[in-house]
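Have a look at the structure below before the remarks.
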Amino acid sequence: MRAVRIHRFGAPDVVVLEEIPVPQPGAGEVLVRVAAAGVAPWDAIIREGHSKVSPQPPLTLGSDLAGVVESVGPKVSDFKPGDEIYGVTNPQFCGAQAEYAVAAAGMIAVKPAGLSFLEAASAPVVAVTAWQMLFEYAEAKRGQTVMVLGAAGSVGRYVVQMALNAGIDVVAVIRMRDAEMVRALGVERIVDADAADPAAGLSGMNAILDLIGGDMTERCLPALKLGGKVISVVSAKPLPRWPEVPAAFFYAEVTTDRLNTLTELFDRGKIKPMVGSVLPLAQARYAHEMLAGHPHQPGKIVLEVMPNRWSPVPGAAAARA
Ligand SMILES: NC(=O)c1ccc[n+]([C@@H]2O[C@H](COP(=O)([O-])OP(=O)(O)OC[C@H]3O[C@@H](n4cnc5c(N)ncnc54)[C@H](OP(=O)(O)O)[C@@H]3O)[C@@H](O)[C@H]2O)c1
């Protein structure tokens with residue numbers, strides 16, 4: 001089968017497409033015929049050798065996938081061959097960008113009926129991250145306000161949709177070129193991330209949700225309510241000037257239960273995916289160049305692994321870069 005591989009850490013040019021044997025599922029695992037696989041910032045972190053969780057090369061890149069269960073390993077009772085699923089391969093976030101991938105049965109779920117494979121493959125890690133950030137770590141509640149740093153990105157758009165859907169107000173810190181898209185999600189309060197003082201005139205935030213890193217969190221801290229929390233999925237660094245502020249960093253934990261919660265939101269139309277550039281598996285290196293700054297369509301980059309076989313996603317042709 002064809003797989004997107006690296007044999008050493010480095011720039012996008014270490015990414016190669018090669019033939020490797022189809023992997024076999026072990027206990028608690030399923031073999032998935034991959035229809036589509038997401039491409040994400042943490043794929044670049046893995047490719048560069050900066051991930052704390054991924055294995056040494058050679059390795060197959062990719063964590064998010066959608067496809068059809070081909071076979072199941074021992075001790076798998078929740079899935080059977082033919083099931084259409086979406087989710088993540090394993091806690092090492094590797095192995096999805098290939099024609100077949102082994103996935104932990106506890107990290108996948110039945111694909112939302114209303115999503116195409118491309119859309120479903122765009123969602124798992126970013127949507128689960130948003131859910132955990134907002135509800136499990138920030139414990140945001142109806143009537144509260146959260147300040148989302150990087151609200152226009154893949155995780156941020158889900159945070160915004162989930163928050164507004166739950167009656168939680170959002171202040172979105174974004175680059176102004178994304179303002180129209182973020183307003184279209186229903187956000188009324190937008191802050192220019194390039195402003196000299198992004199916290200100017202703001203107070204009473206129940207949480208600051210950091211998807212950007214750098215010094216943005218510290219610059220926004222004056223807007224945080226006393227007792228408010230800072231949650232980051234980007235930076236595990238402490239806030240030395242604000243030691244009293246409760247701060248947490250976490251890695252997303254994609255589970256069947258959390259995916260099932262998202263499936264319900266997708267099926268009820270409460271959250272929507274945003275697929276950006278769609279590329280064939282053979283152009284995975286180009287997708288990595290996009291991660292490194294090459295222009296691409298707004299939204300999630302997705303590799304279409306099985307073109308022609310699966311139902312096309314509406315608008316995907318227009319989204320192709
Ligand atoms: N710990 C975990 O488990 C976990 C899970 C998921 C994601 N993450 C991390 O979370 C981050 C966000 O992920 P994502 O998938 O949402 O990425 P993304 O789609 O690239 O979104 C990031 C957004 O932040 C914006 N941004 C970056 N730097 C900015 C700045 N200085 N000022 C204003 N806006 C800025 C980007 O704008 P531009 O495109 O204009 O730069 C983009 O809109 C990534 O670093 C990712 O690796 C971590």
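The values are calculated or read from the model by the stated rules, or taken from the named source; none is laboratory data. Since the model is a prediction, treat every value here as computed from it, not as a measurement. As a convention, Cβ positions derive from the backbone with ideal geometry for all residues, glycine included, and neighbour counts pool all protein chains shown.
If you check SER232, SER277 for being surrounded by 15 or more Cβ atoms within 10 Å (Cβ to Cβ), among the hydroxyl-bearing types (Ser, Thr, Tyr), free of Cβ contacts under 8 Å to residues at least 60 places away in the same chain and in the same structural domain as MET306 (by TED's automatic domain parsing), only one passes: SER277.
No other residue among GLU244, GLU218 is out of contact with any helix residue (DSSP H, G or I) (no Cβ under 8 Å at 6 or more places or on another chain), surrounded by 14 or more Cβ atoms within 10 Å (Cβ to Cβ) and more than 30 Å from VAL88 (Cβ to Cβ) apart from GLU218. Meeting the requirement of 2 or more residues that are under 18 Å from THR261 (Cβ atoms) and in contact with a strand residue (DSSP E or B) (Cβ under 9 Å, 6 or more places away or on another chain), the strands (runs of 3 or more DSSP E) wholly within region 49-113 are 64-72, 84-88, 108-110. Is it fair to say ASP210 is of a type in the set (D, E, K, R), within 9 Å of the ligand (Cβ to nearest atom), touching a strand residue (DSSP E or B) at 6+ places or on another chain (Cβ under 7 Å) and in contact (Cβ under 8 Å) with a residue 24 or more places away in the chain? So ASP210 fits the description; yes. The residues on offer are GLY186, GLY150, GLY156, and the sole one that is within 10 Å of the ligand (Cβ to nearest atom), in contact with a helix residue (DSSP H, G or I) (Cβ under 9 Å, 6 or more places away or on another chain), touching a residue at least 12 places away in the same chain (Cβ under 8 Å) and at positive phi is GLY150. Taken as a whole, the condition of being more than 14 Å from LEU149 (Cβ to Cβ), of a type in the set (Val, Ile, Thr) and within 13 Å of the ligand (Cβ to nearest atom) applies to VAL254.
Is there a residue being polar (S, T, N, Q) and within 16 Å of the ligand (Cβ to nearest atom) anywhere in region 61-72? Yes: one or more hits. When GLU99, GLU139, GLU84 are checked against the criterion of being modelled with pLDDT of 95 or more and on the phi > 0 side of the Ramachandran plot, a single residue qualifies: GLU139. Taken over region 235-261, the criterion of being free of Cβ contacts under 8 Å to residues at least 60 places away in the same chain and among the β-branched types (Val, Ile, Thr) is satisfied by VAL245 alone. Is it the case that region 103-126 has a residue that's near the ligand (Cβ under 10 Å from one of its atoms) and closer than 18 Å to GLY213 by Cα? Yes.
Within region 43-57, is even one residue closer than 21 Å to ALA123 by Cβ, crowded, with 20+ Cβ neighbours inside 10 Å, out of contact with any helix residue (DSSP H, G or I) (no Cβ under 7 Å at 6 or more places or on another chain) and of a type in the set (Val, Ile, Thr)? Yes, because at least one residue in region 43-57 is closer than 21 Å to ALA123 by Cβ, crowded, with 20+ Cβ neighbours inside 10 Å, out of contact with any helix residue (DSSP H, G or I) (no Cβ under 7 Å at 6 or more places or on another chain) and of a type in the set (Val, Ile, Thr). Out of ALA138, ALA96, one residue alone is within 15 Å of the ligand (Cβ to nearest atom) and assigned by TED's automatic domain parsing to the domain that holds LEU303. It is ALA96. Taking the conditions (1) closer than 20 Å to GLY143 by Cα; (2) within 13 Å of the ligand (Cβ to nearest atom) in turn, ILE168 satisfies each one other than (2). In region 171-183, the qualifying residues are those that are under 24 Å from ALA138 (Cα atoms) and more than 9 Å from the ligand (Cβ to nearest atom), and the one that is surrounded by the most Cβ atoms within 10 Å (Cβ to Cβ) is ALA172. State whether one or more residues within region 39-46 are without any contact (Cβ under 8 Å) to a residue 60 or more places away in the chain, at negative phi and hydrophobic (A, V, I, L, M, F, W, C). Checked region 39-46: at least one residue is without any contact (Cβ under 8 Å) to a residue 60 or more places away in the chain, at negative phi and hydrophobic (A, V, I, L, M, F, W, C).
The selection criterion, being buried (at least 16 other Cβ atoms within 10 Å of the Cβ) and outside any loop (DSSP other than H, G, I, E, B), holds for GLY38.
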